[in-house]
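First up is the structure itself, then whatever we jot down about it.
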Amino acid sequence: MFKKYLIIFLVSMVPLIELRGAVPIGISKSFGGPLPLLPLYITCILGNMLPVPFIFFFARKILVWGSDKKFIGKFFKFCLEKGEKGGKKLQEKAGRGLYFALFLFVGIPVPGTGAWTGTLAASLLDMDFKKSCIAIILGVILAGVIMGLASAGVFGAIGAMAK
């Protein structure tokens, strides 16, 4: 049982997969039967949130450091410019609702969003760490609920009833 939770924890830490991939795995019958929901969600949330402080405090420094290196410079510079440009655009649109926008960005499970990307954006925008973490963890919880419902077939059942 510990091995299953460790796998779920580690999958939750992987960029792009994060909790959005770990929850369906934990609920899956092919994973040896579904894990109990509350411990599954707690494990996924902890795994998804563990990298957040490291990303927030070090990602920008690493991107700046690597932006003038021979092989990685163009990509790192592209990431910095893209992140700053996108961040300024988001800031203009969201205004005072920037933390709510961050919450929705992390919480709506579509490709390219999530805790990793949201944290990087918050870091590049020089957002407050505590407020960003609250928005990110609430977004992770929302994504977990959405993925749990989707994995359980709730959305498919609702769609079938609407026909």
Item checked: Any pair with Cβ under 7 angstrom, 6 or more apart, that starts in segment 1-20 at a residue that is without any contact (Cβ under 8 Å) to a residue 40 or more places away in the chain and ends at one that is assigned to a helix (DSSP H, G or I) and charged (D, E, K, R) -> Ser12/Glu18
Next item on the list: State all residues of segment 63-78 that are touching a Ser or Thr at 6+ places or on another chain (Cβ under 8 Å) and either surrounded by 13 or more Cβ atoms within 10 Å (Cβ to Cβ) or closer than 16 Å to Gly118 by Cβ (or both); if no residue qualifies, say none.
Entry: Phe76, Lys77
Margin query: Just to be sure before I move on: is Arg60 surrounded by 13 or more Cβ atoms within 10 Å (Cβ to Cβ), at negative phi and among the basic types (Lys, Arg) in the structure I sent?
Written below: yes
Notebook entry, point to check: If you go through segment 21-49 one residue at a time, how many are free of Cβ contacts under 8 Å to residues at least 40 places away in the same chain, open to solvent by 80 Å² or more (accessible area, probe 1.4 Å) and either under 17 Å from the mean Cα position of the chain (by Cα) or under 20 Å from Gly107 (Cβ atoms) (or both)?
Noted result: 3
Margin query: Condition first: out of contact with any helix residue (DSSP H, G or I) (no Cβ under 6 Å at 6 or more places or on another chain) and closer than 16 Å to Pro15 by Cα. Now tell me which residues in segment 52-77 satisfy that.
Written below: Pro53, Phe54, Phe58
Note to self: What pairs come out if I take residues in segment 84-106 that are open to solvent by less than 50 Å² (accessible area, probe 1.4 Å) and pair them with residues that are polar (S, T, N, Q) whose C-beta lies under 7 Å away, six or more apart or interchain?
What the structure shows: Leu98/Gln91; Leu102/Ser132; Val106/Thr113
Next item on the list: Please find, within segment 118-140, the residue that is nearest to Pro51 (Cα to Cα) out of those that are within 10 Å of the chain's Cα centre (by Cα) and buried (at least 23 other Cβ atoms within 10 Å of the Cβ).
Entry: Thr119
Note to self: Take Ile146 and tell me if it is modelled with pLDDT of 90 or more, under 21 Å from Ile55 (Cα atoms) and surrounded by fewer than 22 Cβ atoms within 10 Å (Cβ to Cβ).
What the structure shows: no
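The values are calculated or read from the model by the stated rules, or taken from the named source; none is laboratory data. Note that the structure is a prediction, hence the values are computed from the model and not measured. Backbone-built Cβ (ideal geometry, glycine too); neighbour counts: all protein chains shown. The protein model used for the area step is the full one, side chains on, heavy atoms only, and it has no ligands, DNA or RNA in it. Shrake-Rupley method; radii C 1.70, N 1.55, O 1.52, S 1.80 Å.
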